[in-house]
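These notes concern the structure reproduced below.
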Amino acid sequence: MAARHRTRRAALGAVLTFALGAAVLTGCGGDSPSDTAREAESAVGSIASQASEAVESATAEAGRRLDDIKDGVDVKGDARVAAPTVGSDGRARAEVTVRNTDDSARSFAVQVNFTDAGGALTDTVIVTVNSVQAGDSATATAHSTRDLSDEVRAEVARAVRY
């Protein structure tokens, strides 16, 4: 019975932490797309590190943050993620590659979803790739915010060029 109460308290704590974090982050803000992308990266990392119940909320928050990028263009087709590896620290890492098909240097914010072998969402993060020259590709590494199993997979959920 005590374990059930701890689980409920942990879930309630995760929800309260998410609500408080979302309220605080809503009040933060720079005007530039880079500031918004950095805030998105930080917000998602913070929220996703809470209990597993918060992963779904972190995914919704990631979507909202990506939507907030001024003059952002959805370019999911220009982003790909390699198969992740799990380090000795239990965290998954996956290399994200973006291709800038625009005619000037652009930055990217990429939402990467980590899933288990059954396809269940286990973590979500946003990684930024700054100042990719026109016609070039660049990489960054997505790091999970939680310990994940060796059976983890990664997929690009969204990519925004700005």
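What order, most packed first, do the peptides 148-157, 120-129 have when packing is the mean number of other Cβ atoms within 10 Å of each residue?
120-129, 148-157
When all protein chains stay in place, what accessible area (Å², nearest 10, 1.4 Å probe) is found for Ser34?
Taking all protein chains as shown, Ser34 has close to 40 Å².
Sum up the charges of everything whose Cβ sits under 13 Å from the Cβ of Gly118, counting Lys and Arg as +1 and Asp and Glu as -1, but leave Gly118 out.
-1
Which FRET efficiency value, to the nearest 0.05, do you get for Ala134 and Glu155 by plugging their Cβ-Cβ distance into 1/(1 + (r/R0)^6) with R0 = 25 Å?
0.40
The values are calculated or read from the model by the stated rules, or taken from the named source; none is laboratory data. Just so it is clear, the model here is predicted, and its values are computed rather than measured. Every residue, glycine among them, receives a Cβ derived from its backbone with ideal geometry; neighbour counts consider all protein chains shown. Quick note on the areas: whole protein, heavy atoms, side chains included, nothing else; ligands and nucleic acids left out. Shrake-Rupley method; radii C 1.70, N 1.55, O 1.52, S 1.80 Å.
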